[in-house]
Amino acid sequence: MMGRFAERVAVVGMLFGFWTQSVYAQSSSSPASSSPATPSATVAPSSTPTPIPASTFYLDKTETQFSVNIADNSSDVYIYFTSPAYSWVAVGFGENMKEALMLVMYLSSNGKNVTISPRLSSGHVEPSYAKDIQLETLPGTSISDEMFVLKAICRSCLVWPGSYIDVNSTAYPMIYAFGPGHSLQSNSPSAPLRRHVRYGKFSMDMKAAVGGPGGEGNVPAASKVGAGVVMQGGIKKDKDRMNRAHSVIGCLAVFVLWPINVVLAGFFRKIGIHVGFSGVLMAFLVVAYGLGIATSGQFNRSKAFTSPHQILAFLSLLPITLLSLLPIRPLARLHPKIPTLHMPLSTLTFITLILAGGMGLHLSSSPRPIITAYVCLALAVFVLLTLLQTCIKRRGSAYTRATTRRRLGEDDDQDMRLAEWWASRKTGDSSRSASSAANSPNNGDSNWGQPPPGNGNQAHAGGVEMGGHGRSGSAGSWRGNVYGAGTMPGPQYLLNMHPGVPVHKWS
């Protein structure tokens, strides 16, 4: 009994020892304090994200935002870009277009997404697509509420050929521009651009845009408040005056001056009016060609002069040159058919210029209503010119008819003078014959009925005998040699109608 009791006491002692050690361990792990313990407050995690350093350009008139963040540990540039989706819009890193890196944004071909095109320019000309610039679009890039929304990373964009972004600058120069008010839709990053209609400049604090959580960059947030940006003047208007002048002067030459010149050539007797007006028309064409050549160098699609518009325009120079040179008398007399080439060359030149103008509208990406109006006007003028030239061809030009009538009139005057001379000779011979008969009645004139000396074979070799219609002269003289007054064997008499002019038969 005593043994079992001792075992139970030993077990209880062991349990008490373990409990004592446990209490001592808990008391030693807790900090010693004489004051009663107070419950600790629970801190909730913060819901506000860390702001991303950025500089933001915001334009109230168009609600255009362009924000930039530059990574601290790389040369990547993070971009947030939004603007109305009615045309192309661009923002460039640089003071001027020359050597500036421009980000051009326009609609995709289906109009449901954004096409972003990094471009470089050598001057105040259309910028060219820079395929070496790596621009990566991020999720969230779309068309939202008729606004472009672009979220992108420009990889290694701190340096490009010709310039760079100074990350330590607090006033880095920037430019922006808006295209004309008609939609450009294309998936190609090298799509042709029409000249901008609005543009401006501002400076951006790049130093404030550097950094981010852990040195990593990130796309800035949307904002309607500018930050780190100073505007340099307002929005400036721009017009493509040279291209517009080229179009207007060319249309005036073809649709206005050309029909007027055809009327002057066909219905006015004085050829000098037609020649002078042709010089004015040629001057208009020369100016239009000069302006076209000058404006071609401003656009990528026309720099090489290989477009259909330019090819047709240069081909039309050949008939234009022939129209100017062939009427010159030394050249016109080289072959009888040369003068007849004037009207076909005129028609060919007009058709070539009309086609060149239509191709020019297509080349300049003109709106469809303007192209439709051009086609209708071209058809109307072509029909008018066709009618005028048909009328002129049938009846002859006024100058040609006047020249022919003048030449025939000169021939008639010569015939009239010759007839008067023969009539005076006949009257004189008759008087001498009557006097001889009175003095010598038995001796007839041996020259009776013969033509006078110096007959008309030398004067008029083209006389025609009209037998059966002869009528003897007064007192029966010149029988068989003079046919009655009013006989008109030649077409010149039918045209000019000179009754009473005797027609002579030359022996």
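Looking at LEU363, LEU345, which is the one that is under 20 Å from ILE271 (Cα atoms), open to solvent by less than 60 Å² (accessible area, probe 1.4 Å) and not β-branched (Val, Ile, Thr)?
Just one listed residue meets the conditions, LEU345.
Pick from SER302, SER247, SER223, SER278: which is polar (S, T, N, Q), open to solvent by less than 70 Å² (accessible area, probe 1.4 Å), in a loop (DSSP other than H, G, I, E, B) and over 30 Å from ALA171 (Cβ atoms)?
From the options SER302, SER247, SER223, SER278, the qualifying one is SER302.
Could you check PRO127 against (1) touching a Leu at 6+ places or on another chain (Cβ under 7 Å); (2) surrounded by fewer than 15 Cβ atoms within 10 Å (Cβ to Cβ); (3) not charged (D, E, K, R) and say which number it fails?
Every condition holds for PRO127 apart from (2).
Is there any pair linking a residue in the stretch 117-137 that is free of Cβ contacts under 8 Å to residues at least 24 places away in the same chain and of a type in the set (Val, Ile, Thr) to one that is assigned to a strand (DSSP E or B) and surrounded by 15 or more Cβ atoms within 10 Å (Cβ to Cβ), with Cβ under 6 Å and at least six apart or on different chains, and which?
Note: pairs meeting the criteria are THR137/ALA152.
Could you count how many residues in the stretch 57-89 are closer than 17 Å to GLY234 by Cα and open to solvent by 10 Å² or more (accessible area, probe 1.4 Å)?
6
Has the stretch 159-167 got any residue that is closer than 17 Å to ASN69 by Cα, modelled with pLDDT under 95 and touching a Gly at 6+ places or on another chain (Cβ under 6 Å)?
no
Could you check HIS246 against (1) within 17 Å of ILE79 (Cβ to Cβ); (2) in contact with a helix residue (DSSP H, G or I) (Cβ under 9 Å, 6 or more places away or on another chain) and say which number it fails?
Just one mismatch for HIS246, condition (1).
This table checks each residue for (1) out of contact with any strand residue (DSSP E or B) (no Cβ under 7 Å at 6 or more places or on another chain); (2) closer than 22 Å to SER122 by Cβ; (3) in contact (Cβ under 8 Å) with a residue 40 or more places away in the chain.
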site: SER144; (1), (2), (3): yes, no, no
site: CYS157; (1), (2), (3): no, yes, yes
site: VAL167; (1), (2), (3): no, no, yes
site: ILE175; (1), (2), (3): no, yes, yes
site: GLN185; (1), (2), (3): no, no, yes
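State all residues of the stretch 106-142 that are in a loop (DSSP other than H, G, I, E, B), within 24 Å of the chain's Cα centre (by Cα) and charged (D, E, K, R); if no residue qualifies, say none. Can you show your working first?
Let us first name the residues in the stretch 106-142 that are in a loop (DSSP other than H, G, I, E, B), namely 108-113, 121-127, 130-133, 138-141.
The next check asks that each one be within 24 Å of the chain's Cα centre (by Cα); those that pass are 109, 121-127.
GLU126 - this is the single residue of the stretch 106-142 that is in a loop (DSSP other than H, G, I, E, B), within 24 Å of the chain's Cα centre (by Cα) and charged (D, E, K, R).
Quick one: LEU325 ticks every box in (1) under 21 Å from the mean Cα position of the chain (by Cα); (2) surrounded by fewer than 18 Cβ atoms within 10 Å (Cβ to Cβ) bar one, so which box is it?
Result: LEU325 passes all but (1).
Considering (1) at pLDDT 90 or above; (2) surrounded by fewer than 18 Cβ atoms within 10 Å (Cβ to Cβ); (3) not small (Gly, Ala, Ser), say which one MET206 fails and leave the rest.
Against the list (1) at pLDDT 90 or above; (2) surrounded by fewer than 18 Cβ atoms within 10 Å (Cβ to Cβ); (3) not small (Gly, Ala, Ser), MET206 comes up short only on (2).
The values are calculated or read from the model by the stated rules, or taken from the named source; none is laboratory data. Note that this is a predicted model, so its numbers are computed, not measured. Every residue, glycine among them, receives a Cβ derived from its backbone with ideal geometry; neighbour counts consider all protein chains shown. To get the accessible areas, we keep the full protein, side chains included, count just its heavy atoms, and leave off ligands, DNA and RNA. Shrake-Rupley method; radii C 1.70, N 1.55, O 1.52, S 1.80 Å.
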